[in-house]
């Protein structure tokens, strides 16, 4: 059986339809664009995602001007991390470690590290390195809590203390 259904509109017109168990479902092609224009939606022209401004319901921000080997609690309950902006003022690399634990349950050097983010050294004193880590629209999930710390070496067991104000971080979470 053919999928399209003939309709009579003056001289006759066909519409796109899909025959499913002898019931016709009209097929509609999604398009988008400014008034007076239309772009068919495809893999190369997806529907644009436009966030709508809102005074409530956005992300919360945690900020530390001195992230060091002492754990800091970003969120005391489960949540998602969407973005980190990390600034390293030190002329050697620093390592930001993320924990799926409350600060009270985190011991830097022995607690399980969920993720480690290496931050390259500053080019020179007063010329810091800034990196931004985006975790996409879904975010990085923490089912217990979210805490973080910074150390001077990569190893999970490292407890090396960065100097005061070496690592500055802003965390955007929900």
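The values are calculated or read from the model by the stated rules, or taken from the named source; none is laboratory data. Everything numeric here is computed off the predicted structure, so don't read it as measured data. Cβ atoms come from the backbone with ideal geometry, glycine included; neighbour counts cover every protein chain shown.
Is it the case that residue 134 is in contact with a strand residue (DSSP E or B) (Cβ under 7 Å, 6 or more places away or on another chain) and more than 22 Å from residue 70 (Cβ to Cβ)? Spell out how you get there, then give the answer.
Working: in contact with a strand residue (DSSP E or B) (Cβ under 7 Å, 6 or more places away or on another chain): yes; more than 22 Å from residue 70 (Cβ to Cβ): yes.
Spelling it out, residue 134 is indeed in contact with a strand residue (DSSP E or B) (Cβ under 7 Å, 6 or more places away or on another chain) and more than 22 Å from residue 70 (Cβ to Cβ).
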Unmet requirement for residue 148, which otherwise passes all of (1) assigned to a loop (DSSP other than H, G, I, E, B); (2) under 30 Å from residue 49 (Cβ atoms): (1)
Go over the candidates 144, 116, 151 one by one and state the one that is farther than 19 Å from residue 61 by Cβ and crowded, with 17+ Cβ neighbours inside 10 Å. 151
Over 19 Å from residue 168 (Cα atoms), in contact with a helix residue (DSSP H, G or I) (Cβ under 9 Å, 6 or more places away or on another chain) and part of a loop (DSSP other than H, G, I, E, B): does that describe residue 37? no
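Search region 71-99 for residues being under 19 Å from residue 142 (Cβ atoms) and in a loop (DSSP other than H, G, I, E, B), and hand back the single one that is nearest to the chain's Cα centre (by Cα).
To start, the set of residues in region 71-99 that are under 19 Å from residue 142 (Cβ atoms) comprises 71-86, 95-99.
In the following step, the residues that additionally are in a loop (DSSP other than H, G, I, E, B) were identified as 71, 76-78.
Details: 71: 22, 76: 19, 77: 18, 78: 16 Å.
In this case the residue turns out to be 78.
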All positions within region 16-34 that are at pLDDT below 85 and part of a loop (DSSP other than H, G, I, E, B): 16, 27, 28, 29, 30, 33, 34
